[in-house]
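For reference, the structure is listed below as structure tokens.
Every number here is computed from the coordinates shown, using simple stated rules; none is lab data. Keep in mind the model is a prediction, meaning the values are calculated, not measured. Quick reminder, even Gly has a Cβ in these numbers, built from the backbone with ideal geometry, and neighbours come from all protein chains shown.
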Amino acid sequence: AQSVAQPEDQVNVAEGNPLTVKCTYSVSGNPYLFWYVQYPNRGLQFLLKYITGDNLVKGSYGFEAEFNKSQTSFHLKKPSALVSDSALYFCALRPNAGKSTFGDGTTLTVKP
Amino acid sequence: EAQVTQNPRYLITVTGKKLTVTCSQNMNHEYMSWYRQDPGLGLRQIYYSMNVEVTDKGDVPEGYKVSRKEKRNFPLILESPSPNQTSLYFCASSPLNTEDGQFFGPGTRLTVL
């Protein structure tokens with residue numbers, strides 16, 4: 001069975017500070033991992049992915065994520081948060097063409 | 001413009017009255033999927049399809065049906081809706097390659113009274 005955990009329901013940071021949104025996973029197959037963002041009253045938007053290669057992947061809007069196989073983690077990061085980054089973030093696992101498993105989501109609030 | 005469209009966007013109905021939520025994509029994607037989003041439960045996959053006439057169950061398929069007669073359309077059918085199906089529903093599509101992120105529709109908010 002595959003699973004994704006986002007241990008924090010809410011993350012609060014001040015604008016200009018670095019942010020981290022945590023994700024851990026469990027899968028027996030390929031750890032194809034994704035981050036999505038959801039703004040209020042909108043669908044999810046793809047941010048970035050890890051498939052193979054460099055453990056640090058870069059995505060949209062200045063976000064990056066660090067894959068750590070030994071800790072089975074895929075944390076989302078940004079060096080300097082913006083108020084406009086405030087949204088709901090989902091980590092997802094898609095080890096094969098069919099099933100996708102999403103975490104419960106983390107609400108990021110960036111305060112001015 | 002590449003997009004996934006869903007209709008209706010909002011729907012209030014009563015228990016037992018059959019309904020269909022349509023989903024259409026214009027990107028020629030092989031893969032399509034339905035999810036429901038509930039507070040504290042994240043997104044849970046209902047059904048997915050890897051091509052025309054090929055569908056399979058996700059994690060929460062009970063009470064739902066789907067069909068994939070055309071590549072661009074993937075309707076979600078609730079034959080006899082119940083209040084526990086009140087939720088926010090998302091359709092998504094992607095190429096079949098697992099390395100690609102999914103494109104999501106805007107969502108359908110369903111209330112079953």
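In order along segment A:53-60, the phi-based Karplus estimate (6.51 cos²θ - 1.76 cosθ + 1.60, θ = phi - 60°) of 3J(HN,Hα) comes to x, 4, 6, 9, 10, 10, x, 6 Hz; Gly and Pro are listed as x. In terms of other Cβ atoms within 10 Å, B:D59, A:D54 run from fewest to most in the order A:D54, B:D59. This ranking places B:R68, A:R42, B:R36, A:R94 by how few other beta-carbon atoms lie within 10 Å of each, fewest first, which gives A:R42, B:R68, B:R36, A:R94. When a/c reaches 1.5 or more, the comparison of a/b and b/c decides; with that in mind, is segment A:39-112 rounded, prolate or oblate per its Cα gyration tensor? It comes out oblate by the Cα gyration axes. Arranged from fewest to most other beta-carbon atoms within 10 Å of their beta carbon, B:S87, B:S33, A:S26 become A:S26, B:S87, B:S33. Per residue of B:40-47, other chain Cβ atoms within 10 Å of the residue Cβ number 5 on average. Put simply, the amide H of A:E15, placed in the peptide plane, has neighbours under 5 Å in A:K111, leaving out anything fewer than 5 places away on its chain.
Comparing Cα centroids, segment A:52-96 and segment B:68-87 end up 32 angstrom apart. Shape call for chain B from the C-alpha gyration tensor, a ≥ b ≥ c root eigenvalues: rounded (a/c under 1.5), prolate (a/b greater than b/c) or oblate? Prolate.
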